[in-house]
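A.B. asks: Handing you a structure now.
The values are calculated or read from the model by the stated rules, or taken from the named source; none is laboratory data. Predicted model only: the values in this text are computed from it and were never measured. All Cβ positions, even for glycine, are placed from backbone atoms using ideal geometry, and neighbour counts span all protein chains on display. Quick note on the areas: whole protein, heavy atoms, side chains included, nothing else; ligands and nucleic acids left out. Shrake-Rupley method; radii C 1.70, N 1.55, O 1.52, S 1.80 Å.
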Amino acid sequence: MKRKVVQHMWKKKLFALILVVFCLGSLLFMQTRYHHVAGLVSLQHRFVSEPEVQGPKVAFLFIARNRLPLEMVWDAFFRGGDRKFSIFVHCRPGFLLNKATTRSPYFLNRQVNDSVQVEWGESSMIEAERVLLRHALSDPLNDRFVFLSDSCIPLYNFSYTYDYIMSTSTSFVDSFADTKEGRYNPKMDPVIPVYNWRKGSQWAVLTRKHAKVVVEDETVFPMFQRYCKKKPLPEFWRAHYIPADTSKVHNCIPDEHYVQTLLAQKGLEEEITRRSLTHTSWDISNSREHERRGWHPVTYKYSDATPMLLKFVKEIDNIYYETEYRREWCSSKGKPSTCFLFARKFTRTAALRLLNMSVLGVFN
């Protein structure tokens, strides 16, 4: 009888011990699960409350008449952008980039709403550039600002283009001393002295600092509006005073001088790389009329659009400036490189032919 009582007591103690071990195990399991869940909640909270910091962006500023004829070429280019870019388009007033006027989602509703009517060779082209910059500067992440025409194509993929532009702290502005008579109007002096008069391509890439300089300018731009005007063609002389010697009439194209001269005026030329990233081929007009002669950009048509053409442009590694006896050797990240990231002027059929050949955006 005594043995049965002892055995019964041991069974109760064993059961109690098992119960204690079970409870301790359950408690340990619950604590482990709690810390795991708490860790997940904390991790989730960190991702929600601390979003990924986005890097600087490149703002692509298109100056177009209406539609963008090369939109599908740029559509392919922007697919590799990974949120590192923004787009602004200056079209004629009232024109909308909607589903009826663009097939690319990247350009949908990207027109600025306060555009101006642009006339070639007039200061309205400068005003269009200033409008684009004002809009682009409203995004604090935009750090570089690229001016492009509606006939420009990219020569490389987005990644290479972005790295090239962001690899230096300078703007890319084609700028050289303009020593030829006929462009500078002495009436600009002393506000714009002749020694600050510059010429170059309007297709510049500006840093944020220099973009602000252009937008905030209230001195140089008014002088351009008053004194930098293209020479009227003979058919318009009926409505104006006919000069005795038309060769002495100033023929000033504002967009070929403004940014360059403004940066020289502000003493900022040490902060620019003095070349454009957009290639343009120039050909002189063979018009019999002296007043119509001049250099004009070549327009590449379907038959011109070949891999050999792109290879030729991509292999250019230096630019010579006759007026300064200066040769600009191109470099990127401290190493010799190609000079151009973009090229113009291409018709729609020419650009699409290159796109279909899969030769655009390939870095060789």
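A.B. asks: Which of the residues spanning segment 65-79 are in a helix (DSSP H, G or I) and out of contact with any strand residue (DSSP E or B) (no Cβ under 8 Å at 6 or more places or on another chain)? Walk me through it before giving the result.
C.D. replies: First, pick out the residues of segment 65-79 that are in a helix (DSSP H, G or I): 71-78.
Selection gives GLU71, MET72, ASP75.
A.B. asks: May I pose another question? If GLU119 satisfies all but one of (1) at pLDDT 95 or above; (2) part of a loop (DSSP other than H, G, I, E, B); (3) acidic (Asp, Glu), what's the number of the condition it fails?
C.D. replies: (1)
A.B. asks: May I pose another question? Would you pick out the residues in segment 167-192 that are open to solvent by 20 Å² or more (accessible area, probe 1.4 Å), touching a residue at least 24 places away in the same chain (Cβ under 8 Å), out of contact with any Cys (no Cβ under 7 Å at 6 or more places or on another chain) and under 16 Å from HIS257 (Cα atoms)?
C.D. replies: Within segment 167-192, ASP174, PHE176, ALA177, ASP178, THR179, LYS180, GLY182, TYR184, LYS187, VAL191 meet the criteria.
A.B. asks: A further question on this structure: Answer yes if at least one residue in segment 141-158 is open to solvent by 20 Å² or more (accessible area, probe 1.4 Å), without any contact (Cβ under 8 Å) to a residue 60 or more places away in the chain and either part of a helix (DSSP H, G or I) or not small (Gly, Ala, Ser) (or both), and no otherwise.
C.D. replies: No: zero hits.
A.B. asks: Sticking with this structure for a sec: Which of the following residues is out of contact with any Gly (no Cβ under 7 Å at 6 or more places or on another chain) and within 19 Å of ASP174 (Cα to Cα): LEU141, LEU97, LEU155?
C.D. replies: On the way: LEU141 fails: within 19 Å of ASP174 (Cα to Cα); LEU97 fails: within 19 Å of ASP174 (Cα to Cα).
Result: LEU155 is the single residue among LEU141, LEU97, LEU155 that is out of contact with any Gly (no Cβ under 7 Å at 6 or more places or on another chain) and within 19 Å of ASP174 (Cα to Cα).
A.B. asks: To continue, here is another question. Taking segment 76-89 as the search range and keeping residues that are among the hydrophobic types (A, V, I, L, M, F, W, C) and open to solvent by less than 10 Å² (accessible area, probe 1.4 Å), which one is nearest to TYR162 (Cα to Cα)?
C.D. replies: Kept after step one, since they are among the hydrophobic types (A, V, I, L, M, F, W, C), are these residues of segment 76-89: 76-78, 85, 87-89.
From the residues that got through so far, the ones that are open to solvent by less than 10 Å² (accessible area, probe 1.4 Å) too are 78, 87, 89.
Details: PHE78: 11, ILE87: 14, VAL89: 19 Å.
In this case the residue turns out to be PHE78.
A.B. asks: Continuing with this model, one more query. Which of the following residues is at pLDDT 85 or above, acidic (Asp, Glu) and not in a strand (DSSP E or B): GLU328, GLU270? Can you show your working first?
C.D. replies: On the way: GLU328 fails: not in a strand (DSSP E or B).
Every option except GLU270 fails the conditions.
A.B. asks: Also, quick follow-up: I'm trying to understand the selection: among the residues of segment 90-106, which are outside any loop (DSSP other than H, G, I, E, B), crowded, with 16+ Cβ neighbours inside 10 Å and free of Cβ contacts under 8 Å to residues at least 40 places away in the same chain?
C.D. replies: Quick first cut of segment 90-106, residues outside any loop (DSSP other than H, G, I, E, B) only: 90, 105-106.
The next check asks that each one be crowded, with 16+ Cβ neighbours inside 10 Å; those that pass are 90, 106.
Matches in segment 90-106: TYR106 only.
A.B. asks: Same structure, new question: Residues in segment 276-319 that are modelled with pLDDT of 90 or more and among the aromatic types (Phe, Trp, Tyr): how many?
C.D. replies: Let us first name the residues in segment 276-319 that are modelled with pLDDT of 90 or more, namely 276-281, 298-319.
So of that shortlist, the ones also among the aromatic types (Phe, Trp, Tyr) come out as 300, 302, 312.
Residues that pass the stated criteria total 3.
A.B. asks: I need a count of the residues in segment 161-185 that are assigned to a helix (DSSP H, G or I), among the hydrophobic types (A, V, I, L, M, F, W, C) and in contact with a Leu (Cβ under 8 Å, 6 or more places away or on another chain).
C.D. replies: Keep residues of segment 161-185 that are assigned to a helix (DSSP H, G or I), which gives 161-166.
From what is left, the residues that are among the hydrophobic types (A, V, I, L, M, F, W, C) are 165-166.
Filter once more, so that each one left must be in contact with a Leu (Cβ under 8 Å, 6 or more places away or on another chain): 165.
The total comes to 1.
A.B. asks: Within the bounds of segment 336-346, is there any residue that is open to solvent by 30 Å² or more (accessible area, probe 1.4 Å), within 30 Å of THR179 (Cα to Cα) and polar (S, T, N, Q)?
C.D. replies: no
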